[in-house]
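Everything on this sheet refers to the single structure shown next.
The values are calculated or read from the model by the stated rules, or taken from the named source; none is laboratory data. The shown structure was predicted, so the numbers you read here are calculated from the model rather than taken from an experiment. So basically every Cβ, Gly included, is an ideal-geometry build from the backbone, and we count neighbours across all protein chains shown. For accessibility, only protein heavy atoms count, side chains too; no ligands or nucleic acids. Shrake-Rupley method; radii C 1.70, N 1.55, O 1.52, S 1.80 Å.
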Amino acid sequence: MERTQYILRFNSYLHAAEHHQQLATALPGEGLTWNWIERKNKASEYPTDFGLINLLANPMHEVDHSCCVEQSLCNRPEAKTQHPRILDLLNNVPFVRDVHMDQMFRGKLNWVPEGELAGLFADNLGNNPLEDTGSQDPSRFTGSFSEDADGDEGSSAEGHTITKRSGRISTRFMMEGEDEVNNVLLHQAMLLEGGATIGLYTADSMEDSSDLEPMAEKEQHDRQLTTWQAVGMAEKEQRNRQLTSLNPETLTERVVTADKDISSWSEDDILELPISSTGDRRLKHLQMQRRRMVRLDDDDGQMTVGGLRGRLGPGLLDPLAEGMEDALPRRRRTLQSKSTVTSLMGAEKLWNQGFSGKGVKVGVFDTGIHEKHPHIRNIKGRSDWTHQGSLNDGLGHGSFVAGVIGSQDRACPGFAPDVDLYTFKVFTDDQVSFTSWFLDAFNYALALKVHVINLSIGGPDYMDQPFVDKILEITSNGILMVSAIGNDGPLWGTLNNPADQNDVIGVGGIDEGSNIAGFSSRGMTTWELQTGTGRIKPDIMAFSKDVMGSRMNSGCRTLSGTSVASPVVAGAVCLLASTLPEEKRWSVLNPASMKQALIEGADKLPGLSMFEQGSGKLNLHKSMDILQAYNPKASIIPAFLDFTESSYMWPYSKQPMYAGAMPVVVNGTVLNALGVTGRLEGMPTYKATDSGGEHIHMYFEYSKVFWPWSGYFSLYIRVLPSGANYAGTASLEVSFTVVSPPDAASGETDLRRSTVKMPVKLNVIPTPPRQQRLLWDQFHTIKYPPGYIPRDNLDIKHDVLDWHGDHLYTNFHNLYDSIRGAGYFIEILSSPLTCFDAEQYAAVIIVDPEEEFYPQEVSKLSHDVAQLGVNVIVFGEWYNLDTMSQMKFFDDNTRSWWTPVTGGSNVPALNDLLAPYDMAFGEAIMHGAFSVAGTSFQVQHGADVARMPAGSYLHRATLSSSAGGKAGPGGYGVVGVVQHGGESGGHVALYGDNNCLDSSHQNSNCFPFLQKLLERLIKGASNGIADQPSKLSEAFQRPGFTLPKRRDDLNFTAFSYVLRNPLKCAVNSPCEFQEEPGCPGWPKSVNSSLKKRDTFSSADPAHRTSPISVTISTQPTTAASGTSGTSGTSGLSGGNAGGSSAAGSSDKQVPGAAVVTSVRTPASATTTAYWSWKALQLSVGPLMPVMGLILCVVGLVSLAAAFVGNTRNKQQQRRASAGSSSQQGAVSGAAAGGLYPGAAASEQQQVPASGRNTAAAAGGSAVTQLSSRSSALTGTRGGIGATATGGGSANQV
């Protein structure tokens, strides 16, 4: 029997035995189907809010969770095949809050190799490793999960193997000294000697390790050996030790011994390593790195090797000697050689005033510490939460972190040497942890009443609900939480959790020169996407490179990483806390007040955006001054908006504002130090402070309740029509008042109040001409989490997840700058494609969409292209079901199988969008060099253009394909262009690979190609794109091509906003497209004159444009989109027309459905219901009584036919739903404007339509919202009332 461990969260705190007794009474089968897990740790002495159980299952039943990162998704039927009855019973137990799998975390030591050693981690294409300012992906240097799939699982024909990043937890080190060399060199030796490992690094944690085949025995004996001996710090015993050579057998024996008992190794051990003279690339890098790590100490002339000191014997480094004299001067200076991190931050000034962290309790959640570590003065408590049974640190991570915070050693002092240190060992020495270990440890920290917690950990998964909720509980109790922002820089959109939470102090890294560290993760936050905008993070920056800290036993060493920056800030926080008198210290300090002191005292770093540096570099002295004079208040991040400030306010400063544009959304964070809860008193206001400000309109969304200590405050900024010709600055002031309950402990009786004033300065220009305006579709992107959204570039094997946001402000930031540099203005649409006025834009750019499309979007966009001349540019991505199945892997975190929920892009959905133009992407995965219009770039892994109509343009190339169909004569279709709607119509252009636009995994960019494409489509430039040689005289279809299908074994609704929510234009769309009243305060006269809502965005016939002529028929029709009928997209009937269609299989014909079969008007989709209503108006008209009467009769007859068809459709939907819970669809009566998803499938059954209109004549069936998890711009992201609302903030409500 297989055991699966689950966390049961309860509604109350009780002792574990009481929870167990309650559960045993409510849940039968203990010992047969489930077991209660006794947790024998220090937290068991206190009441707890969770329990652990093992559910017993048949191991023959495989569970494919398809990435149940958000554990609520794991409760879907298809994710419960092991033990559905037990989980169903648990979900119905009244005292059980919810059930989650207890995730296991394998965080590898996370460091960033530098110099020559980085070559060891070059990717399989031989690309150069990442430099601090480079564009190569750095996560190849991070720890990763091994692939546990059997056989060929995880690799395709081209080796598309899977190596998953650390999900929740990764320790955040980049090692520079002894451990950097010794551990990696030892690991490399083990690989060469047969693959033995020591737990720090395994073969699967190094991308190129698969290339390292064990050497034959003869080759091992023939290999030249050089002994490299590093002597420990105990100089009295070690100075005169002689160097010896060992043979390969001895070395192998030593390595295997190390594998068995590495924890017993000390700094005095001798490291032997064979040196290859065979020219192996990795060993050459290894030798060069050894040379780099050897330096002469200034004091005694002794040699330091890998951080260990000793004298060199004759011939010690003979193979490395060449060029060593040149390498030594290039050795990067360490902080030890200049000053310690505490002196760089000016901590001595505070020490001289008598402040040293005394009376402050700090908890270090890490790998433990030795009981009598000589550097730490006050180790008040140690606790072990692992299964290891040891309180000691066997890795060095926890010791270093503790030392940076509280070391008393003069060589590597900590910030608060008199702090009371409590260590919580939540990682084993081989870096394994569980969510439940953290939960117990956090509960114990609450019981101990610690004041500060440092978490030098993080991961991209902000949907591990028990973990995130517990962080909220910790901070709501007033504990100051400090966490590393992540080592995934210089990539954008890579912030780690929990540092990205409002209530946590997120710390980024800088070097000694106050330059941002190359490995420091960049913002913005991505919780709020796809319908919102991210928040500013990190909060603060601190030193993170070559910082001196404590070794595991004694002595000092240098390490780097945001794991270092976090304890720098945590130590500074402890020191700052001690500057306040103890009697009032904790009545003043809380997570909001401390963050206010840090960010208001910080120094801005020149040339960096707020999404890179947050509020800037920590300034201890300024922050202390702020605390000394502090009174509780509320504030907002950012404190001001100045869009004229070029660098810090990027991206907002990159593009001026103008009338008619999409609103600029700024997602602020309110810090409320008045109390753990608060709210706004009254409504926020804004007022102009100069004449330009009179042309500005603002709308606000904000947390109804600020908890804990914080909330969101989103600004939607627009230029009024009165500013259409205005040029200049516009200044305003935003004001709001926060109130919190009185502090009863201090005798207060009145509400606490604080008014926040936020200056705003904007740069406004006259509205640019249409030819310069572009629209970016943000709405149709889905990222990890909650689903396994796979990477776009299949060459990147170390990072399987697409988690960077796919936003112009994150991984497409270089594209944004390029477009602006070319003179275009680009706006972001975070609502459906029905929510913009196509007459205002030259082109819509759709890049890498994973989302489904509403049927109305398909109709509306087709109309916009044909009738309004807008151009559409689509950059797709690979999609191949076979490759997706081969990317399946076993996730160590959830101990379940993960399979991609879609490909790089959702090509089946894209092909639905492209169907009106007779264009389609194929399932081939192309790669190779491509040239068009004089620009050359690399197709990394893209979809081919497999279908084009006659008269269109298709650029083909001979490229390789790792999957999918074979190319026909002339090669694969790479770039396709078609003009739709005649000579006055717009164009649709396709290219199947977006990697050349994405800065995360980009080998070379194709920005010049995009600019030439824009020139061709907008200006008609003759530049080699869509030229006469590429014109098709007849329709093109790749041989053997069939439309790629959606997965038929997956309920995509769980991951799709479109399938969960009704069509709606949200507050981030133009005011005239929003439901009444639209934008509060927007001039009504303007609203009525600029009204653009039409047949595609409203079910109300009064808002629709009348067509010129319509032909109505009642005949069987076939759904034309949603080809597999499994994704939840309903089929379009009659070629984008209104009427009814069947759900489920698109091959089913629907008899008796009223269908619009031909339309000749700007409004391409109307219905018989609308015409019945319109005919009643016309029949009483004095000029057309006869025509009106005829139309009325026709309309009523058609309405009756529609009713019959609708009934049959529902019956067929039920049948389709009974066959598979994943089959989705929609039924509309005679709904105006095409098909509204009127009856969408829930997980268990088909839900009948219900809504504001019950009769077909009143507009058809409305959409039933199935998921309370996300609605419009509001979607809970898990946690205690935590929501991502209104333009996007992740908020605690």
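With every protein chain present, what is the per residue accessible area of segment 786-909 (1.4 Å probe, Å²)?
Details: 1720 Å² over 124 residues.
I get 14 Å² per residue for segment 786-909.
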**Complete:** Given the candidates 1023, 1011, 1001, the one whose Cα lies deepest towards the positive end of the charge dipole of segment 984-1042, counting +1 at each Lys or Arg C-beta and -1 at each Asp or Glu C-beta, is 1023
**Fill in**
Once amide hydrogens are built 1.01 Å from N within the peptide plane, the residues lying 5 or more places from residue 488 or on another chain with amide H under 5 Å from its amide H are 521
**Request:** Over segment 591-646, with every protein chain in place, what whole percent of the accessible area is carbon and sulfur at 1.4 Å, could you tell me?
**Result:** 51 percent
**Asked** Long-range amide H contacts for residue 924: which residues qualify at under 5 Å (H placed 1.01 Å from N, peptide plane, sequence gap of 5 or more or a different chain)?
**Response** 944, 965
**Spin-label pair residue 1028/residue 515, simplified geometry with 7 Å Cα→Cβ offset, distance in nm** = 5.3 nm
**Message:** Suppose R0 equals 60 Å. What FRET efficiency, 1/(1 + (r/R0)^6) with r the Cβ-Cβ distance, do residue 639 and residue 1035 give to the nearest 0.05?
**Reply:** 0.50
**Asked** Using alpha-carbon positions, what is the distance between the centroids of segment 368-420 and segment 599-620, in Å?
**Response** 29 Å
**Request:** List, in order, the whole-Hz ³J(HN,Hα) value for each residue of segment 780-787 obtained from phi through the Karplus relation with A = 6.51, B = -1.76, C = 1.60 and θ = phi - 60°; use x for Gly and Pro.
**Result:** 9, 9, 10, 10, 7, x, x, x
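Past 18 Å, Cα to Cα: identify those pairs from 633/757; 704/1064; 361/425, in the order given.
The answer is 704/1064.
How long are the semi-axes of the equivalent ellipsoid of segment 643-721, defined as square roots of 5 times the Cα gyration tensor eigenvalues? Whole Å, largest first.
Working: eigenvalues 145, 48, 24 Å².
Calculated on Cα positions only, the semi-axes equal 27, 16, 11 Å.
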**Asked** Roughly speaking, what is the centre-to-centre gap between segment 939-974 and segment 826-866 when only Cα atoms are used, to the nearest Å?
**Response** 25 Å
**Asked** Which whole-number value in Å³ per residue fits the convex hull of the alpha carbons of segment 688-752?
**Response** 111 Å³
**Request:** Would you mind calculating the gained length between residue 1049 and residue 966 on full extension (0.36 nm times residue separation, minus the Cα-Cα distance), in nm to one decimal?
**Result:** 27.2 nm
**Asked** Accessible area per residue, 1.4 Å probe, Å², for segment 617-724: what's the number?
**Response** 33 Å²
**Request:** Using only the Cα atoms of segment 444-510, build the gyration tensor, take square roots of its eigenvalues as a ≥ b ≥ c, and label the shape rounded, prolate or oblate: rounded if a/c is under 1.5, else prolate if a/b is larger than b/c, else oblate.
**Result:** prolate
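Please compute the per residue accessible area over segment 1-48 with all protein chains in place, 1.4 Å probe, rounded to a whole number of Å². List each step's numbers first, then the result.
On the way: 2810 Å² over 48 residues.
Each residue of segment 1-48 exposes 59 Å² on average to a 1.4 Å probe.
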**Asked** Say each of residue 744 and residue 622 gets a label point 7 Å from the Cα, pointing the same way as Cα to Cβ; how far apart are those two points in nm?
**Response** 4.0 nm
**Request:** Determine the dipole magnitude for segment 466-522: charges of +1 sit on the beta-carbon of Lys and Arg, -1 on that of Asp and Glu, nothing else is charged, the reference point is the Cα centre, and the result goes in debye to the nearest 20.
**Result:** 40 debye
**Prompt:** How many nm separate the modelled label positions at residue 727 and residue 339, each set 7 Å beyond the Cα in the direction of the Cβ?
**Reply:** 4.9 nm
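What translational D, rounded to a whole number of µm²/s, comes out for segment 494-631 from Stokes-Einstein when the hydrodynamic radius is the Kirkwood one over Cα pairs, at 25 °C and 0.890 mPa s? Show your work: numbers first, answer last.
Values: Rh = 15.6 Å.
In µm²/s, the coefficient is 157.
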**Asked** Under a point-charge model restricted to the Cβ atoms of Lys and Arg (+1) and Asp and Glu (-1), what is the dipole moment magnitude of segment 540-606 relative to its Cα centre, in debye to the nearest 20?
**Response** 200 debye
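Treat segment 664-781 as a sphere of radius equal to its Kirkwood radius over Cα pairs and apply Stokes-Einstein at 10 °C in a medium of 1.306 mPa s; give the translational diffusion coefficient in µm²/s, rounded to a whole number. Present the calculation step by step, with values, prior to reporting the outcome.
Values: Rh = 16.5 Å.
Translational diffusion coefficient: 96 µm²/s.
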**Prompt:** Roughly how many percent of the accessible protein surface of segment 455-519 is carbon and sulfur, given a 1.4 Å probe and a whole-percent answer?
**Reply:** 37 percent
**Prompt:** So what are the ³J(HN,Hα) numbers for segment 770-779, from phi and the Karplus equation (6.51, -1.76, 1.60; θ = phi - 60°), rounded to whole Hz, Gly and Pro as x?
**Reply:** 3, 4, 9, 9, 10, 10, 9, 8, 8, 5
**Asked** Does segment 340-415 classify as rounded, prolate or oblate by the C-alpha gyration tensor (a ≥ b ≥ c root eigenvalues; a/c under 1.5 gives rounded; else a/b over b/c gives prolate, otherwise oblate)?
**Response** prolate
**Asked** For segment 717-800, which whole percent of the accessible surface, found with a 1.4 angstrom probe, sits on carbon and sulfur atoms?
**Response** 52 percent
**Asked** How large is ³J(HN,Hα), in whole Hz, for each residue of segment 465-472 in order, when computed from phi with the Karplus curve 6.51 cos²θ - 1.76 cosθ + 1.60 and θ = phi - 60°, using x for Gly and Pro?
**Response** 4, x, 5, 4, 4, 5, 4, 4
**Message:** In segment 6-25, whose amide N lies under 16 Å from the spot 7 Å out along Cα-to-Cβ of residue 32? List them in ranges.
**Reply:** 24-25
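Given the Cα-Cα distance of residue 97 and residue 46 and 0.36 nm per residue of separation, how much length would full extension add, in nm? Before the final figure, lay out each step's value.
Working: separation 51, 0.36 × 51 = 18.36 nm, distance 1.94 nm.
Between residue 97 and residue 46, full extension yields an extra 16.4 nm.
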**Message:** Which of rounded, prolate or oblate describes segment 551-702 when judged by the alpha-carbon gyration tensor and an a/c cut-off of 1.5?
**Reply:** oblate
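For the pairs 349/584; 470/595; 470/622; 40/449; 40/372, flag any whose C-alpha to C-alpha distance is greater than 29 Å.
Cα-Cα > 29 Å for 470/622; rest within.
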**Asked** For residue 753 and residue 772 in one chain, what is 0.36 nm times their gap in residues minus the Cα-Cα distance, to one decimal in nm?
**Response** 2.2 nm
